[in-house]
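Report on the structure given below.
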Amino acid sequence: QVQLVESGGGLVQAGGSLRLSCAASGSTFARYAMGWFRQAAGKEREPVAAISWNGGRIYYADSGKGRFTISRDNAKNTVTLQMNSLKPEDTALYYCAADPTNLIVYGRSAADYWGQGTQVTVSS
């Protein structure tokens, strides 16, 4: 079992930046690939970025390539998503996820454990 708590969401103007953080507890963090997903109103949840257990493999959805950076600190049990050059279409509820199979780093749109989400709103 892994418990995930996201933080760092908020309201930002287009072109601005936000840094999302996810704190994990309850199990060996380094056993899991970690990812960020998002769900906009009226749309399905979609992957944003993912990172393997040791950071050796990183996945970015096309929507965030060149703007978003995912990183993890296994000593602190945290994963972060730095989001720059935000656009109104980035507005969504952002979820942290943990995947023991490592498949989310290949763009798999599923994981075993999920946080409650943090809202990101980008105004135009």
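Observations on the structure shown:
- Take the stretch 6-52 with all the other protein chains still there, run a 1.4 Å probe, and you get 47 Å² of accessible area per residue.
- Relative pair counts by distance (%), Cα atoms of the stretch 15-124, 10 Å bins: 16, 52, 28, 4, 0
- Summed side-chain charge close to residue 16 - residues other than residue 16 whose Cβ falls under 12 Å, Lys, Arg +1, Asp, Glu -1: +2
- Centroid-to-centroid, using Cα positions, the stretch 27-54 and the stretch 73-124 are 5 Å apart.
- Relative contact order (percent, whole number), the chain, Cα cutoff 8 Å, 6+ residue spacing: 36
- Residues of the stretch 10-46 with amide N under 19 Å of the 7 Å Cα→Cβ point at residue 124: 11-17, 40-43
- Per DSSP, loop trypsin sites (Lys or Arg not before Pro) in the stretch 52-124 with at most 12 further Cβ within 10 Å: 65, 76
- Surrounding net charge for residue 80, when Lys and Arg each add one and Asp and Glu each subtract one, Cβ distance under 14 Å: +1
- The residues of the stretch 77-124 expose, per residue, 42 Å² of accessible area to a 1.4 Å probe.
- Only protein heavy atoms count here; under a 1.4 Å probe, residue 78 has an accessible surface of about 40 Å².
- Gain in span if fully extended, residue 5 to residue 84, counting 0.36 nm per residue against the direct Cα distance: 26.3 nm
- Sequence-distant aspartates and glutamates (8 or more away, or on other chains) whose Cα lies within less than 14 Å of residue 43: 89, 90
- Carbon plus sulfur fraction of accessible area for the chain, probe 1.4 Å, in percent: 47
- 16 Å reach of a label modelled at residue 30, 7 Å along Cα-to-Cβ, counting backbone N of the stretch 55-92: 55-57, 72-79
- Within the straight-line cut-off of under 19 Å between alpha carbons, the aspartates and glutamates reachable from residue 87 are 44, 46, 62, sequence neighbours fewer than 8 places apart in one chain being disregarded.
- In a fully extended conformation the segment linking residue 13 and residue 75 would gain 19.0 nm over its present Cα-Cα distance, using 0.36 nm per residue.
The values are calculated or read from the model by the stated rules, or taken from the named source; none is laboratory data. In this text, all values refer to a predicted model and were calculated from it rather than measured experimentally. Counting neighbours? That spans all protein chains shown, and the Cβs are built from the backbone with ideal geometry, glycine included. Note: areas computed on protein heavy atoms with side chains; ligands, DNA, RNA excluded. Shrake-Rupley method; radii C 1.70, N 1.55, O 1.52, S 1.80 Å.
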